[in-house]
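The values are calculated or read from the model by the stated rules, or taken from the named source; none is laboratory data. Just so we're clear, the structure is a prediction, and the values are computed from it rather than from any experiment. Using ideal geometry, Cβ is built from the backbone for each residue, glycine included, and neighbour counts are taken over all protein chains shown.
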Amino acid sequence: MKIALIAHDKKKESIINFSISYRHILKEHELFATGTTGKKIAEATGLDIHRFKSGPLGGDQQIGAKISENEMDLVIFFKDPLTAQPHEPDISALMRLCDVYEIPLVTNLAGAEVMIRALEAGFFSWRTIARDEA
Ligand SMILES: O=C(CO)COP(=O)(O)O
């Protein structure tokens, strides 16, 4: 599966710890991330991650473009709900595209915990069919 990993600055530590904990699952998949998130996760885990631009510089939109091309299967986005982001419109657009294309999206650690276990259990096989039929 193609998985996007994104975290706002105050959630970076959390997504790094999540990635270390579930490295054994994540390594079986094709990983993408916004710039800084991807760099930090790769440094901490050694995982191979395709990095887009940093979020404020267009990274969220690049991931959105992948979604619109049916090139993303899951978005794990550790959002910071307590800090205003300069690129809020990009973030909303990314989340909107997840809804348009019915791409699973989680926006916090609790959701990510459930989703990663679903991924491990094979609950994402429907995405292969959805992708092929698009
Ligand atoms: O701002 C972000 C998502 O909206 C994340 O971007 P970075 O991973 O480059 O910090």
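If you filter the stretch 103-134 down to residues that are at pLDDT below 95 and either assigned to a loop (DSSP other than H, G, I, E, B) or touching a Cys at 6+ places or on another chain (Cβ under 6 Å) (or both), you find that the one that is nearest to the ligand (Cβ to nearest atom) is 124.
Does residue 80 satisfy being of a type in the set (Asp, Glu) and either at pLDDT 95 or above or touching a Phe, Trp or Tyr at 6+ places or on another chain (Cβ under 8 Å) (or both)?
Numbers: of a type in the set (Asp, Glu): yes; either at pLDDT 95 or above or touching a Phe, Trp or Tyr at 6+ places or on another chain (Cβ under 8 Å) (or both): yes.
Considered against the rule, which asks whether it is of a type in the set (Asp, Glu) and either at pLDDT 95 or above or touching a Phe, Trp or Tyr at 6+ places or on another chain (Cβ under 8 Å) (or both), residue 80 comes out as yes.
Checked against the criterion of being surrounded by fewer than 21 Cβ atoms within 10 Å (Cβ to Cβ), modelled with pLDDT of 95 or more and within 16 Å of the ligand (Cβ to nearest atom), the candidates 27, 11, 39 yield just one match: 39. The residues of the stretch 42-68 that are more than 8 Å from the ligand (Cβ to nearest atom), more than 26 Å from residue 130 (Cβ to Cβ) and hydroxyl-bearing (Ser, Thr, Tyr) amount to a single one, 45. Within the stretch 82-94, residues that are over 13 Å from residue 62 (Cα atoms) have Cβ atoms under 9 Å from residues that are among the charged types (D, E, K, R) and part of a loop (DSSP other than H, G, I, E, B) in these pairs: 85/79, counting only partners at least 6 apart in sequence or on another chain. Restricting the first member to the stretch 45-64 and to residues that are hydrophobic (A, V, I, L, M, F, W, C), and the second to residues that are assigned to a loop (DSSP other than H, G, I, E, B) and surrounded by 18 or more Cβ atoms within 10 Å (Cβ to Cβ), the beta-carbon pairs closer than 8 Å and six or more apart or on different chains are 52/34; 63/34; 63/52; 63/72. Taking the condition without any contact (Cβ under 8 Å) to a residue 12 or more places away in the chain, farther than 18 Å from residue 107 by Cβ and of a type outside the set (S, T, N, Q), does residue 28 pass? Here the answer is yes, as residue 28 does meet what is asked.
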